[in-house]
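Here the structure comes first, spelled out in structure tokens, and everything after it is commentary.
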Amino acid sequence: MVAPGCAPWRHAAVEFLLMVAQMFVVVTAVRWLLDPGSPVFVANLHLALAVIGALVAVLLAALIVSPLGRRSGAHLNPTVTLVLWLLRVFPGRSVLPYVLAQLLGAVAGTGLARLTWGSVLGSRALSDGLAQPSPGRHTATVFALEAASFAALTLVIGFYLVRPALARSLPYAIGVTVGLIIALLGPVSGGSANPARQLGPEIVSGNTVALWAYLAGPLAGGLVGTLGLRSALGRRARYSCKEGA
């Protein structure tokens, strides 16, 4: 099998499909657990987001270890792709195809969920699965928490990059980390930590609350985390593709 990133557009197409699946499941979970008219509505927001966090943890791990996930690497997040490139474990020629695929997949997955579940997702409370800060929360706080959460995720990824013998457990570590971000920070900042995951619902719903913070926060956190990892990784994690691969 060609390594992820060595066939940019082919693997980007896989990344698109994985992102569609991720967003469809995430928005579906939001629809059923956070809609007051749903038979499985969870009135306690902290509990609801804990359940969603657990579902997302399982979902991410399953997508990463799936045959399609193994083919593309299942980044499922533009900032993950950028961080891996900055850490020299992902080729620069694949960054743009992957990021475009993730963004388009997020929009497509959110749109598919809207088509499936109807106008109920268009309510301001649900906003097609949009991660939203708690009322009165300053946008700067959202930015700081988004940056901190992705910096933590970057460190988790880096931990496994310098310990390749533990690579098999990386998908589960990523799933648990993202699940905890949703459960712990969701009631405060929305707990997105993923520009694509946020942009899809924003485009479909037209709700652009704290847009810059949700897009820039993970990028800032990824840069901070990367700076802390570069010296630790050194030359051990360099990525290469055979010419013409």
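The values are calculated or read from the model by the stated rules, or taken from the named source; none is laboratory data. Since this is a predicted model, take the numbers as computed values, not measurements. Please note: Cβ atoms are built from the backbone with ideal geometry, for glycine as well, and neighbour counts cover all protein chains shown. Ligands, DNA and RNA are stripped out before the accessible areas are found, and what is left, the full protein with its side chains, is counted by its heavy atoms. Shrake-Rupley method; radii C 1.70, N 1.55, O 1.52, S 1.80 Å.
Worth a mention:
- ILE157 falls short of the stated requirement of being crowded, with 21+ Cβ neighbours inside 10 Å and either of a type in the set (Asp, Glu) or at pLDDT 95 or above (or both).
- The condition of being farther than 19 Å from VAL30 by Cα, touching a Ser or Thr at 6+ places or on another chain (Cβ under 9 Å) and aliphatic (A, V, I, L, M) does not hold for VAL204.
- None of ARG124, ARG88, ARG137 is over 14 Å from the mean Cα position of the chain (by Cα), under 17 Å from GLY186 (Cβ atoms) and not in a helix (DSSP H, G or I) except ARG137.
- Qualifying residue in the stretch 92-109 (condition: within 17 Å of ALA167 (Cα to Cα), in a helix (DSSP H, G or I) and touching a residue at least 60 places away in the same chain (Cβ under 8 Å)): no
- Matching residues, the stretch 193-226, being crowded, with 20+ Cβ neighbours inside 10 Å and hydroxyl-bearing (Ser, Thr, Tyr): SER205, TYR214, THR226
- Unmet criterion (only one of (1) farther than 21 Å from THR154 by Cα; (2) touching a residue at least 40 places away in the same chain (Cβ under 8 Å)) for ASN44: (2)
- Which listed residue, of LEU153, LEU166, is aliphatic (A, V, I, L, M) and in contact (Cβ under 8 Å) with a residue 24 or more places away in the chain: LEU153
- Tally, over the stretch 175-192, of residues that are part of a helix (DSSP H, G or I) and either open to solvent by less than 30 Å² (accessible area, probe 1.4 Å) or modelled with pLDDT under 95 (or both): 10
- Flag for ALA43 being of a type in the set (A, V, I, L, M, F, W, C), over 22 Å from LEU199 (Cβ atoms), at pLDDT 95 or above and outside any helix (DSSP H, G or I): yes
- For beta carbons closer than 6 Å, sequence separation of 6+ or different chains, a first residue in the stretch 177-188 that is in contact (Cβ under 8 Å) with a residue 40 or more places away in the chain and a second that is open to solvent by 30 Å² or more (accessible area, probe 1.4 Å), the qualifying pairs are GLY179/ALA54; ALA183/ALA50; LEU185/LEU145; PRO187/LEU45; PRO187/HIS46.
- Residue selected from the stretch 31-52 under the condition farther than 14 Å from ALA131 by Cβ and among the small types (Gly, Ala, Ser), by the criterion most open to solvent (accessible area, probe 1.4 Å): ALA43
- Residue list for the stretch 130-150, filter: farther than 17 Å from GLY53 by Cβ and either among the hydroxyl-bearing types (Ser, Thr, Tyr) or open to solvent by 20 Å² or more (accessible area, probe 1.4 Å) (or both): PRO135, GLY136, ARG137, HIS138, THR139, ALA140, THR141, PHE143, ALA144
- For ALA54, the stated conditions do not hold, so it cannot be described as farther than 26 Å from ARG230 by Cα and touching a Lys or Arg at 6+ places or on another chain (Cβ under 9 Å).
- Looking across the stretch 160-173, just one residue is at pLDDT 95 or above, open to solvent by 30 Å² or more (accessible area, probe 1.4 Å) and aliphatic (A, V, I, L, M), and that is LEU170.
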